[in-house]
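The values are calculated or read from the model by the stated rules, or taken from the named source; none is laboratory data. This structure is a prediction, so every number in the text was calculated from the model and none was measured. Virtual Cβ from ideal backbone geometry, glycine too; neighbours counted across all protein chains shown. Only protein heavy atoms, including side chains, enter the accessible area calculation; ligands, DNA and RNA are left aside. Shrake-Rupley method; radii C 1.70, N 1.55, O 1.52, S 1.80 Å.
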Amino acid sequence: MTRRAELEARLARVEQEIADACAAAGRARDEITLIAVTKTYPAADVALLAGLGVTDVGENRHPEARDKLEELDGLLSAGVARPRMHFVGGLQTNKAGAVARYADVVHSVDRPKLARSLARGAEAAERVLDCLVQVDFGGDDAGRAGVLPEGVDELADLVADAPALRLRGVMTVAPLGEDPEPHFAHLAEIADGLRARHASADMISAGMSGDFAAAVRHGATHLRIGRSILGERPPLQ
Ligand SMILES: *Cc1c(COP(=O)(O)O)cnc(C)c1O
């Protein structure tokens, strides 16, 4: 089986599961954007996915993301649009300026210093960068990325006030090994509150390979799915 056929089959299965989750939740499929998280996989896979109709991809590391985008331009078939690039990983302040030049959306804004660095980078690149505030629901694995729920408003206001940033909503990674359901419900509440104050904050980024049906039940607009589409990744060193 070619890699293209493999990706096509996996993508079709994920699409079916998303369609089933939407049907069960009484939601329309077109309320939801699938982001294929291509981290650790080559630019050739991104090109194949784009050819299969994937419009949005996610990456979690710089410079892997930048290098892949550069390589991608030479790999896309004629007439296939370059997918939007979502930066979904933890981001060091000193890399924020670089990421602000190529990312279309940054999902992992979790502290004021990072927001300010992204704003400077976007301004220097003469871009307006879409940003999500990453929310941390604690759990036992403390020290993870994200701002605690009580800190969301303050960080969101800072993003919204930066001319080079556009506040688009919230993102979370459900705590490992816990039922994601209450966390996704809480995220939906936070998103509602934020949208009441900032009309542009209409994105809810939640749901990965293991929990996207629950995220669909709780209003997710963007699913970040890696392994189910691309295959298991080798363990991180
Ligand atoms: C890797 C990653 C994903 C995708 O996870 P899978 O389990 O491969 O679907 C989603 N979000 C973030 C932030 C990630 O780092």
Relative contact order for segment 150-237: what percent, with Cα pairs under 8 Å and sequence separation of 6 or more? 24
Got a sec? Charge dipole of the chain, +1 on Cβ for Lys and Arg, -1 for Asp and Glu; which of G193, L48, L165 is way out at the positive end? L48
Can you list the residues of segment 196-225 with backbone N under 15 Å from a point 7 Å past the Cα of E64, pointing along Cα to Cβ? 225
Rank S77, S205, S117 by mean-square fluctuation in a GNM of the chain with C-alpha springs under 10 angstrom and give only the top-ranked residue. S77
Roughly what would the spin-label model give for E154 and A24, points 7 Å off Cα along C-beta, in nm? 3.9
Give the cross-link partners of K39 among the aspartates and glutamates, using a straight C-alpha distance below 19 Å as the criterion and excluding same-chain residues fewer than 8 apart. E6, E8, D56, E59, E64, D67, E70, E71, D73, D104, D211, E232
Using a 1.4 Å probe on the protein heavy atoms, what percent of the accessible area of the chain belongs to carbon and sulfur? 50
Gaussian network model of the chain, Cα within-10 Å springs - most flexible of V54, V80, V170: V80
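Relative to the present Cα-Cα distance, how much length would full extension add between R4 and R227 at 0.36 nm per residue of separation?
Numbers: separation 223, 0.36 × 223 = 80.28 nm, distance 1.55 nm.
Between R4 and R227, full extension yields 78.7 nm more.
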Spread of Cα-to-Cα distances over 5 Å intervals beginning at zero, given as percent, for segment 195-237: 6, 21, 19, 18, 15, 10, 6, 4, 1
Using amide H atoms built in the peptide plane, which far-off residues or other-chain residues are under 5 Å from V37 H to H? G58, I225, G226
Starting from the Cα of A185, step 7 Å along the direction of its Cβ; do the same at D202; then give the gap between the two resulting points in nm. 2.7
Gaussian network model of the chain, Cα within-10 Å springs - most flexible of D110, D192, D30: D30
Just for the Cα atoms in segment 96-176, what are the lengths along the principal axes, largest first, rounded to whole Å? 40, 21, 18
From the backbone phi of segment 33-41, what are the Karplus-calculated ³J(HN,Hα) couplings (6.51 cos²θ - 1.76 cosθ + 1.60, θ = phi - 60°) in whole Hz, Gly and Pro given as x? 10, 8, 9, 7, 8, 9, 3, 6, 9
For the chain, alpha-carbon Rg and Dmax in angstrom: 17.1, 51
Please calculate how many Å² of accessible area the chain carries per residue, with a 1.4 Å probe and no DNA, RNA or ligand atoms counted. 46
Charge dipole magnitude, Cβ of K and R +1, D and E -1 - the chain, Cα centre, debye nearest 20: 660
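Could you work out how much longer the chain between R120 and A78 gets when fully extended? Use 0.36 nm per residue separation minus the Cα distance between them, nm to one decimal.
Full extension from R120 to A78 adds 11.7 nm.
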Using θ = phi - 60° and Karplus 6.51 cos²θ - 1.76 cosθ + 1.60, couplings along segment 21-27 (whole Hz; Gly, Pro as x): 5, 5, 4, 5, 8, x, 10
